[in-house]
Amino acid sequence: MAQIDVSDLTIEYKLPKSDGVFKAVDSVSLAVEKGEFVTIVGSSGCGKSTLLLAIAGLVKIAGGRISIEGRDVDGPGQDRSVVFQEPSLMPWSTVLANVRFGLQMRRWKKDDITERAMRFIKLVGLEQFSDYYPHQLSGGMRQRVNIARALAVDPTVLLMDEPFGALDAQTREIMGEELLFIWERDRKTALFVTHDIDEAILLADKVVVMGRNPGHIKDVMQIDLPRPRNGEIVDSPQFVEYRKRLRRHLHDDMAAMQLVREAV
Ligand code: ADP
Ligand code: MG
């Protein structure tokens, strides 16, 4: 049995000022194995965030089901950590206090909390900054704190929605490599939403390609590149092949949108 099992999932949003609904995700099925790194790509509005939020237990399921280790998801849970594009740090607390907070919320043993928080702050390379406040850090550093906090609680599954989306291209690349380095240590099951093709391939064991109207899965690409990986792999012939295939998919999606536009 897969660790995460999404079967025939449909998510609908209520339309404002009417009784109607908008189908954001339509009959999506997906199996994620323990320790797998899965990335989800697709053009804007194809339901990537909705799918991730559903797995996080943060949106209502209209049809189908999601289970994690055999248990149905019916709300948020301690087995899942979520990292969003905007780091949700408490501005009045230091880096250490922010990472400690996650552990306190989950009732970790008091004596272990500071030590454990420091271990993860060190892991993301911020040990010199543990008593800094979020506004004293760069965007990349803030996102590192966010990741440290998400990992410190030892979730079964790490869910990330475009965590590097707000960073400049160069910082983004570095963060991607760092995330891989961190992930290699304990290989937590990870779901990572991005619209960056290279990022999607570099990180993944499996790339899920989504299409729109309504949101569905178009393809699942197995990525057979050796690990550990670093940024240099993007020039390898195999990587270039994967990139071509992904581009074609996303291009088809954009072309389909164009046709719709021309028809109206
Ligand atoms: P993506 O993350 O791929 O850009 P989303 O999952 O955010 O896509 O959105 C999928 C579709 O659902 C979009 O058309 C979006 O406008 C719609 N949508 C997202 N969130 C809501 C909401 N809270 N209420 C109504 N519609 C929503
Ligand atoms: Mg999104």
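The values are calculated or read from the model by the stated rules, or taken from the named source; none is laboratory data. Quick caveat, the model's predicted, so the values are computed rather than measured. Methodologically, a virtual Cβ is constructed for each residue, glycine included, from the backbone with ideal geometry; neighbour enumeration extends over all protein chains shown.
Of Arg187, Arg227, Arg172, all but one fail to be at positive phi and assigned by TED's automatic domain parsing to the domain that holds Thr50; the exception is Arg187. Check whether at least one residue in segment 154-174 is under 20 Å from Trp92 (Cβ atoms) and crowded, with 20+ Cβ neighbours inside 10 Å, and report yes or no. The answer is no; no qualifying residue exists. Residue count for segment 1-11, restricted to those that are more than 9 Å from ligand 1 (Cβ to nearest atom) and either assigned to a strand (DSSP E or B) or in the same structural domain as Ile55 (by TED's automatic domain parsing) (or both): 7. Restricting attention to segment 37-90, the residues that are among the hydrophobic types (A, V, I, L, M, F, W, C) and either within 27 Å of Arg229 (Cβ to Cβ) or more than 16 Å from ligand 1 (Cβ to nearest atom) (or both) total 16. As for segment 57-72, it holds no residue that is modelled with pLDDT under 95 and in a loop (DSSP other than H, G, I, E, B). For segment 197-222, a residue qualifies if it is part of a helix (DSSP H, G or I) and within 20 Å of Ala56 (Cβ to Cβ), and the qualifying residues are Ala200, Leu203.
Restricting attention to segment 211-242, the residues that are among the polar types (S, T, N, Q) and within 15 Å of Val38 (Cβ to Cβ) total 1.
Just to be sure before I move on: is Arg229 in a helix (DSSP H, G or I) and farther than 28 Å from Phe22 by Cβ in the structure I sent? Taking the combined requirement at face value, the residue does not satisfy it.
Identify all residues within segment 173-196 that are within 14 Å of the chain's Cα centre (by Cα) and in a helix (DSSP H, G or I); write none if there are none. Residues satisfying the conditions are Met175, Gly176, Leu179, Leu180, Trp183. For segment 153-168, does any single residue satisfy the condition of being aliphatic (A, V, I, L, M) and part of a helix (DSSP H, G or I)? No, that holds for no residue.
Sort out which residues of segment 21-48 are at positive phi and either assigned to a loop (DSSP other than H, G, I, E, B) or surrounded by 23 or more Cβ atoms within 10 Å (Cβ to Cβ) (or both), and write them in order of number. Give the derivation first.
Step one: of segment 21-48, the residues at positive phi are 27, 35, 42, 45, 47.
Those that are at positive phi and either assigned to a loop (DSSP other than H, G, I, E, B) or surrounded by 23 or more Cβ atoms within 10 Å (Cβ to Cβ) (or both): Gly35, Gly42, Gly45, Gly47.
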